[in-house]
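Working notes for the structure below.
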Amino acid sequence: MSNNRATLEVISQTVAEAIEKGLTDLGLPREAVEITILDEGGPGLLGFGSRQARVRISVLPEEETETPDAAQVLSPEDKDETLRLAEEITSELLEKMNLEANVQARYGEESDNLPHRPILVDITGNDLSVLIGRRAKTLNALQYITRLILGKELEHGIPLSIDVEGYRERREQQVRQLARRVAEQVTDTGREQSLEPMPANERRFAHLELQDDPKVYTESTGTEPHRKVVIYPND
């Protein structure tokens, strides 16, 4: 095993959240990385001195990454079953949360970087803001658990994203528009500016929006949950 693998250290409230953020940041499925838990975190004594969880995510070399063999390539029948499972698992979790909603799973666009076509799960219904939670923490937790259960049922990992009433799509547009607006201010003033703290998947939208802008460049700074994107003038 090579020692020159790309690695990422992630800090979050729990190990599960740290892993989810790291995979989102890297844009990789679970089977494409090796995860080392550096610190499981803890509540401290009487609520004081609590520690956040910390994990190291190492990207596996291509030859070590699990790729689907002929038996894993999804047939049309398997694809239907995969979507049905995704809907069933999500619905059961929502039921345990005492939430009534409509669940529909579909396939996203294929990618050369992923061994399986991603699954997109859309949840619709009335008054589902509680399912999103502050900074989408509840939604991300539901997505992580659903992905784990589905992967266990299929006996292989699969990319899965859950959205509620189009929240993620709206949020992406908001972040991109904010990044563009602030980038214009940075260009006009020649002074760096920071965006609000965001989770890893939202920071990625800002980076992507400005990656081809020759007038500015972006970096993520700080520690979770206060990590944010800083936009600098490209002198």
### Query
If r is the Cβ-Cβ distance from residue 180 to residue 152 and R0 is 25 Å, what FRET efficiency results, to the nearest 0.05?
0.05
### Message
Once you order the gyration tensor axes a ≥ b ≥ c over the Cα atoms, which shape class does the range 131-235 get: rounded for a/c under 1.5, otherwise prolate or oblate by comparing a/b with b/c?
### Response
prolate
### Query
Between the range 143-191 and the range 83-105, what's the alpha-carbon centroid distance in Å?
21
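What order do you get for 39, 188 when you list them from fewest to most C-beta neighbours inside 10 Å? It would help to have the intermediate numbers written out before the result.
On the way: 39 13, 188 10.
Result, fewest neighbours first: 188, 39.
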### Query
How far is it, in nm, from the label point at residue 138 to the one at residue 169 when both lie 7 Å from their Cα along the line to the Cβ?
2.2
#### Entry: Computed label-point distance, nm, for sites residue 187 and residue 221 using a 7 Å Cα→Cβ extension
2.2
### Within straight-line cross-link reach of residue 21, lysines at Cα separation under 26 Å, skipping those fewer than 8 residues along the same chain
96, 137, 152, 228
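With a 10 Å Cβ neighbour count serving as the proxy for reagent exposure, in which order, fewest first, do 144, 107 appear? Could the numbers behind the result be given before it?
On the way: 144 20, 107 14.
Fewest to most other Cβ atoms nearby, the residues stand as 107, 144.
Read-outs: derived from the displayed coordinates by stated rules, not from any lab. Source: prediction; values computed, not measured. When we count neighbours, we look across all protein chains shown, and the Cβ atoms used for this are built from the backbone with ideal geometry, even at glycine.
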